[in-house]
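Colleague: Below are the structure tokens for one structure; questions will follow.
Each value in this text was obtained by applying a stated rule to the coordinates, not by laboratory testing. Everything quoted here is computed from the prediction, not taken from an experiment. Glycine also receives a Cβ, built like all others from the backbone with ideal geometry; neighbour counts cover every protein chain displayed.
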Amino acid sequence: MVVQLPRTCGNKLLVCDHTMINSVPGLALANETLYPIREVSRLSGVNSVTLRAWERRYGLLVPQRTDSGHRLYSMRDIERVKAIVSWIARGVPVSKVASIIDRQALPSLSIAPVAQTDSLADEQLQAAREQLIAAVARGDLLGLERVYGQLFARWPLTQLCNDILLPVWRQYRVQAKQGGASASWALLDGFLRGRLLQRIAFLQPDRASVLLVSLQPREEEVEVLLAALFLADADINIAYLSCLPAPEELLLMCDGGGHQALLLFSDRALEAGVLTRQLPRLNQQLECPVAALGACCELQAVELQQANISCLGLAQRSLTDSVQQLLAGRFDG
């Protein structure tokens, strides 16, 4: 159930069930769609008790209220919930999430059309996730191949990676760690690794080349490969290393391979030794720029800046532009 706000009445807003809620100064609420907590829980996968706790204990959410005290959430609130879930999944304590996401600007919403469109998009994304889950649950490799191709053809890269593939992959990974669905996890993980490696392995002789090194645990490699899709969209060749080699080997590989940049991916905080010793050494000895990408750019922004390591940011559409600017010598981040 959602609540439409078609008109104002004094300093109140009249909703379709004649419940009155307080307006928020400075917020254009005409025709906004507001969602009760049970609907937010359904759309985000976060139960109502947790949503209330995030509001009361940590101030992460500030829903609107009806006169009877019921919470109502905007589409912007729902996007914030999804961002909170994403950072917690990366190992960030819930008490520290606000300081990260408050530094990131949420996209501006043209309330009336976008809220309705986003609601429909959420339903379509959920249907896409369910389609993927069904193919994995059946162990149907050909069906999985078909669904995978359809998803790539239909969805923009950001939604495909962050709203479909990653949530399903993470769901199976959690279940496997808890002792269930290990076969399904192994099937999906192996399938995605193979297909994603195929996509980034396409090389063109006239393109710039970067060396991408994963600092992730081996079982989290899919996150690196999904980020690599955004790099590949910059029309560059990607040489991929699944682990960090010895500094001497990495230096030889960068110089001998003629790579224009060394990119290091981690969706978690970097180890102290890597951050304080290895990265500054590489930065000093390499002629090409050294840059980090992934959640480490948010978790350790100050430390990376002190080490003179550029931060390209998260796996999203802006990453494509950032690596192009880095290779052109125009990136300032």
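Colleague: List the residues, sorted by chain then number, that are 5 or more residues from residue 61 or on another chain and whose placed amide H is less than 5 Å from its amide H.
Modeller: Under 5 Å from the amide H of residue 61 lie the amide H atoms of 55, each far enough along the sequence or on another chain.
Colleague: Can you tell me how much longer the chain between residue 123 and residue 153 gets when fully stretched, taken as 0.36 nm per residue apart minus their C-alpha distance, in nm with one decimal?
Modeller: Between residue 123 and residue 153, full extension yields an extra 9.0 nm.
Colleague: Could you give each residue of segment 249-266 its phi-based ³J(HN,Hα) in whole Hz, using Karplus coefficients 6.51, -1.76, 1.60 with θ = phi - 60°, and x for Gly or Pro?
Modeller: Going residue by residue, I get 5, 5, 4, 5, 5, 5, 5, x, x, x, 6, 8, 6, 10, 10, 10, 9, 8 Hz, with x marking Gly and Pro.
Colleague: Return, ordered by residue number, the residues of segment 119-140 whose backbone nitrogen is under 14 Å from a label point located 7 Å along Cα→Cβ of residue 183.
Modeller: 136-140
Colleague: May I pose another question? Among 165, 190, 147, pick out the residue whose Cα is farthest towards the positive end of the charge dipole of segment 112-197, where Lys and Arg carry +1 and Asp and Glu carry -1 on C-beta, about the Cα centre.
Modeller: 190
Colleague: Could I ask something else about it? Write out the trypsin sites (Lys or Arg not before Pro) in segment 277-333 meeting two conditions: DSSP loop, and at most 11 other Cβ atoms within 10 Å of their Cβ. Numbers along the way, then the final one.
Modeller: Values: sites: 277, 281, 317, 330; in loops: 330.
For trypsin sites (Lys or Arg not before Pro) across segment 277-333 that sit outside H, G, I, E and B with at most 11 neighbouring Cβ atoms in 10 Å, the list reads 330.
Colleague: Once you order the gyration tensor axes a ≥ b ≥ c over the Cα atoms, which shape class does segment 153-269 get: rounded for a/c under 1.5, otherwise prolate or oblate by comparing a/b with b/c?
Modeller: In terms of gyration-tensor shape, oblate.
Colleague: Moving on to the next point. Test of understanding: what is the full-extension gain from residue 318 to residue 269, defined as 0.36 nm times their sequence separation minus their Cα-Cα distance?
Modeller: 15.5 nm
Colleague: Pop the C-beta distance of residue 162 and residue 277 into the FRET formula with R0 = 35 Å and round what comes out to the nearest 0.05. All intermediate terms of the calculation are to be shown ahead of the outcome.
Modeller: On the way: r = 32 Å, r/R0 = 0.92.
Working from the Cβ atoms, E equals 0.60.
Colleague: Rounded, prolate or oblate: which one fits segment 205-327, using the alpha carbon gyration tensor with axes a ≥ b ≥ c (rounded when a/c is under 1.5, else prolate when a/b beats b/c, else oblate)?
Modeller: Verdict is rounded for segment 205-327.
Colleague: Under the rule a/c < 1.5 gives rounded, and otherwise a/b versus b/c splits prolate from oblate, where does segment 292-333 land using the Cα gyration tensor?
Modeller: Verdict is oblate for segment 292-333.
Colleague: Now a separate question. So if we plug the beta-carbon distance of residue 243 and residue 53 into 1/(1 + (r/R0)^6) with R0 = 41 Å, what FRET efficiency do we get, rounded to 0.05? Present the calculation step by step, with values, prior to reporting the outcome.
Modeller: Working: r = 38 Å, r/R0 = 0.92.
My answer for the efficiency is 0.60.
Colleague: Taking θ = phi - 60°, what integer Hz values does the Karplus form 6.51 cos²θ - 1.76 cosθ + 1.60 yield along segment 175-184, in sequence order, with x for Gly and Pro?
Modeller: So the J values, rounded to whole Hz, are 4, 5, 5, 8, x, x, 6, 5, 5, 5.
Colleague: Long-range amide H contacts for residue 208: which residues qualify at under 5 Å (H placed 1.01 Å from N, peptide plane, sequence gap of 5 or more or a different chain)?
Modeller: It is 237, by chain and number.
Colleague: Apply the Karplus parameterisation 6.51 cos²θ - 1.76 cosθ + 1.60, with θ equal to phi minus 60°, to every residue of segment 288-295 and state each ³J(HN,Hα) to the nearest whole Hz, in sequence, with x for glycine and proline.
Modeller: The phi angles translate into 7, x, 10, 9, 9, 9, x, 5 Hz.
Colleague: Further question: Between residue 328 and residue 301, 0.36 nm times their residue separation minus their Cα-Cα distance comes to what?
Modeller: Full extension from residue 328 to residue 301 adds 7.5 nm.
Colleague: Right, next: How far is it, in nm, from the label point at residue 308 to the one at residue 175 when both lie 7 Å from their Cα along the line to the Cβ?
Modeller: 4.9
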